[in-house]
């Protein structure tokens, strides 16, 4: 036995004693240190770059000197791979150990590296790849060898070169083994899933493993093509959900299925076709092929989740809203009619009949279950999903907000496109409004606004604008605590005018005539009522969870996170003015974007994240708002601005709340019973 | 806590202490005793029948009295299930424990029961079901229940009622859960695979789980429909392998693929279509449907195995004969384009490039790996597969016998159908033959033979007849040890006549003319040479294995088993006279029928049998005849009758061997070099 050297790897501190001349990569394997390699040490992939650390390391009693590592090798000199050798880093598979040595493994060279992807999710987490590529060189087979089989040979070489032994080969892959070996000149790259199963084979050396994470919303479908080894987003794509032709919202689609035998198959085909097309677009954008996609993760609400799997969603449209399954589902792209022959598919678990895999994704991304402080996570859509709690206990519920927040039941409501009013301020004295419009950076009282918006058709108010105009009308004293547009308004400003038996506010357009012109944009009493119903439903759900959690106070909530497109655009202050969220200090209220999609990306990149969300979801306490009598009471309480019964001391420090005003004479008192919107 | 009683189950001796009034079935569960039930104790299936044993049991210190078990219950009185209550047996789910009790569980009531199926395989083994049915009654779901999901509910009920918890549901089954529950009035029967996965769901109570075991031969495909709970064969079907249109034998089919791009797809489609049709015929015969088939096992030679899986067999047609995989393959009927939506498919492992899953099946059935004595297992076809050894060590090889044994290279050869000569005796003095023909029970010298065979077209010799006529010609001194038809034959009998430069023997038809008439059936010198080549190849393979096993002597072989249709029809004595098998005493040589198919049935009925054959195959030593120089020498030695070099002392006691005769003058010595048939 020749000379032995000790090699210590930082930052892990793992070490091994190896023979003189051992490669740094082999030493890392002996030590159990996390050093990446796809090519099995053949100087092709450039993933095993390391930094030799020089000096005396007291901690490990090592003198690491330039003589402890071999000189620049021909492998390194000849290296022309996709990842250039950075600075004076070395290839771990080429550099040899010549003496006691300390080696630093840069983050980029670790398999389990931290991910920071600002575009989807700010918080980092560790990649724990589901699928890894391994390159092997097959010996020339000769008659009489103890060969066993080609699969056996590949399995053996992976074990020899990478230290993992996949125990099985997908039957689908078996016919491809020999052709791939032939194409690759007796070399292949195989994809190994969870260290157990060979799920794809490519001829020759292949260096990029990609997957796709998709958030299937009722309205839009958003997908990311992701490098499975680095977490890098290679392409992003968003399309309308083609099921819209069967109904705008989920319940109208379920109705379609109830009325049309076989309708569930149409819904399934529509979404599967869209998913298939999206995969095609994503790989084309990234210059790849469908066969390169090795894994797919999906999130969606329970109805989307079921329809994708070919499950009739009818039971989710009627009590008791029983899911076919709430477990995570492992399947294949082929099973879902998606042309991505090498791809497995993972659907995150659902939580309850109205709380789906999208909420599971949001939990995984925002991490209330990893948090010591109490988190309130709300994803606002036609249904609002609410998650509340911390590492000790999580509760979840769904509230039937209806489509008002999306502008659907608002007279001047419109989608958030160019020309929509998205910001509103009302002068507390003159009661004159100023607005901002999508497509212009100017406020309506800025010089040049008219010119800047000349090409825009200012024709309605989008979701965030609706929230702001209602909040401002309340703060300016135009709306009472109970949501009535005050009948003394016309006495104060010509913008308030009688509109049948109630009053309206002219937000935009000619303010001189008594009734609205064609060009004017008004807020009516019915608009206010619609928003009241929506926000009361959401808030009642939140308050119900707070009560179930033992009466957690608004001030005790550490973080309020508004997920989804709507949450991303509303101003947290106005969310509080309307009482959409509890009276938690406004600096703790934030928008977190597409948290469901970010959760899908996490699940795509990490087996541990999958295990984590499955375990977490199992323990979530599900609250069914429809059967809780208390929900009705909280709903009624939540109808007022900000809330009929709960005080808002924090909000009072954040903005100037209107003084209580007496009811104007002759004001008709509307009923305040809890009219609940249809689910 | 009420009164407690001790219950002992025989024959296992397992016991439990249970509360008064516990059912015998529940007591068995507590004790861990093997008592079957599909309906979960609802008095529907009749599988849990037991015999209360009365008396004093010293061994267990129990007085078991008629008062220790409840009287006949209304459940038992009302029982009308498919399995009648036998004698004075009781339903374990209905009868209650009222005192200390000894209970006998009859074999038929055990899950792991012994199978004795005479039609396929005489030796019993224990059923260890891969797939089991469980019937559950779902509670009416109500809003606000902690339901989780329908799948979750079913999993929970199976755990509660049967003590196993399937952890997953096949994604394919998820869409069927709710419709099945609806059809069954909130009751379903589910199929659980390996206690882990729900692979099928039926509405209501279903009592019969069936599977199909198929042996895919090059020429014929044979399938059995089997009751998975009892091992009963419910239907049997055999068809020609439709690939015959691409070539009679395996190598011509591989050639077809080599010559015709896409030919491998045609071969795959042909066999898959045949398998699909066979499943259809089998379920129709048994009055079942395709959806009832829950499991399928397949055996076949390596080329059939690969073609079924859609793997191009070309590499198996040329050195180094490398399999794509030698492992057992678990897949689904859908993956193989077989319409049996609920069926998993298991292909037994292959052993080597020429030794396939059919040989694995034969090993599993005949059990050389379970045997202390040395077993020689031979499956004779175009290739002969040879397995040799015992529990300590097994060796396997394939020998290229060619199609002579099947009559293909024999001038008067024909298939074993009506009119074929299947038995031959030659009088040692007169040298006159007598024969038996398929379709008649009479010998040709019996009175009435002519009348009995008048309707038969006696036009050739089938495989067993060929073996016998050659053996008889040798025993009668008409053929020399080296296989030459002696030139002094015509001097002894008009049946031997000059036929060009060699001699022929007129076995059947007019013996008076010098040359054969149209009606006569002759054995030519070329016929003898063809059989010599075939039997020498087979025997050389056997002898090679004997040598590799350390020089095992013929007399030390405990059992010689001839598998397959050919093996079933040849007389072991003549197999020895021709030297096809070693000189083991003839009473140890036997035909074992379709051992490969019997192995497929075993694998269908038992998870342990699958584990067993996979472990066994891994350790088989593969001998490649083509690269062993010694094979050529043994081949030359084996050309003679019975063998040129190896003496046959046992055979000498079993029949009268011819005395050595001098070479007739002028006899041309044929070359005896090892002409090997093409693979």
**Complete:** Picked from the stretch B:320-337 (must be more than 22 Å from residue A:153 (Cα to Cα) and more than 7 Å from every other protein chain (Cβ to nearest Cβ)), the residue surrounded by the fewest Cβ atoms within 10 Å (Cβ to Cβ) is B:337
**Request:** Would you please name the residue that is nearest to residue B:159 (Cα to Cα), looking only at residues in the stretch B:31-59 that are free of Cβ contacts under 8 Å to residues at least 60 places away in the same chain and under 38 Å from the mean Cα position of the chain (by Cα)?
**Result:** B:32
**Item:** Single residue of A:274, A:270, A:340 found to be touching a helix residue (DSSP H, G or I) at 6+ places or on another chain (Cβ under 7 Å) and either outside any helix (DSSP H, G or I) or within 12 Å of another protein chain (Cβ to nearest Cβ) (or both)
**Value:** A:340
**Request:** Tell me which of these residue B:315 doesn't satisfy, since it passes every other one: (1) in contact (Cβ under 8 Å) with a residue 12 or more places away in the chain; (2) within 25 Å of residue A:186 (Cβ to Cβ); (3) surrounded by 22 or more Cβ atoms within 10 Å (Cβ to Cβ).
**Result:** (1)
**Prompt:** Out of A:585, A:572, which single residue is farther than 23 Å from residue A:381 by Cβ and within 28 Å of the chain's Cα centre (by Cα)?
**Reply:** A:585
**Message:** Tell me the residue from B:238, B:247 that is at pLDDT below 90, more than 13 Å from chain A (Cβ to nearest Cβ) and within 22 Å of residue B:599 (Cβ to Cβ), please.
**Reply:** B:238
**Asked** Among (1) surrounded by fewer than 17 Cβ atoms within 10 Å (Cβ to Cβ); (2) in a helix (DSSP H, G or I); (3) at pLDDT 95 or above, where does residue A:258 come up short?
**Response** (3)
**Complete:** Here, helices (runs of 4 or more DSSP H) confined to the stretch A:588-644 with at least 1 residues that are farther than 30 Å from residue A:574 by Cα are A:595-605, A:607-619
**Item:** Breaking point among (1) within 8 Å of chain A (Cβ to nearest Cβ); (2) over 22 Å from residue B:597 (Cβ atoms), for residue B:317
**Value:** (1)
**Fill in**
If we ask which residues in the stretch B:525-551 are in contact with a strand residue (DSSP E or B) (Cβ under 9 Å, 6 or more places away or on another chain) and without any contact (Cβ under 8 Å) to a residue 60 or more places away in the chain, their number turns out to be 2
**Asked** Restricting attention to the stretch A:566-577, does a residue exist that is touching a strand residue (DSSP E or B) at 6+ places or on another chain (Cβ under 6 Å) and surrounded by fewer than 19 Cβ atoms within 10 Å (Cβ to Cβ)?
**Response** yes
**Prompt:** Across the stretch A:298-310, what is the total count of residues that are part of a loop (DSSP other than H, G, I, E, B), touching a strand residue (DSSP E or B) at 6+ places or on another chain (Cβ under 9 Å) and either closer than 12 Å to residue B:178 by Cα or facing another protein chain (nearest Cβ under 10 Å) (or both)?
**Reply:** 1
**Request:** Assess whether residue B:591 counts as being modelled with pLDDT of 95 or more and within 24 Å of the chain's Cα centre (by Cα).
**Result:** no
**Fill in**
Within the stretch A:275-285, restricting to residues that are surrounded by fewer than 19 Cβ atoms within 10 Å (Cβ to Cβ) and in contact (Cβ under 8 Å) with a residue 24 or more places away in the chain, the one that is nearest to residue A:297 (Cα to Cα) is A:276
**Item:** Only listed residue being within 22 Å of residue B:335 (Cβ to Cβ), more than 13 Å from chain B (Cβ to nearest Cβ) and surrounded by 18 or more Cβ atoms within 10 Å (Cβ to Cβ), chosen from A:290, A:253
**Value:** A:290
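The values are calculated or read from the model by the stated rules, or taken from the named source; none is laboratory data. Please read all numbers here as calculations on a predicted model, not as lab measurements. All Cβ positions, glycine included, derive from the backbone under ideal geometry; neighbour counts span all protein chains shown.
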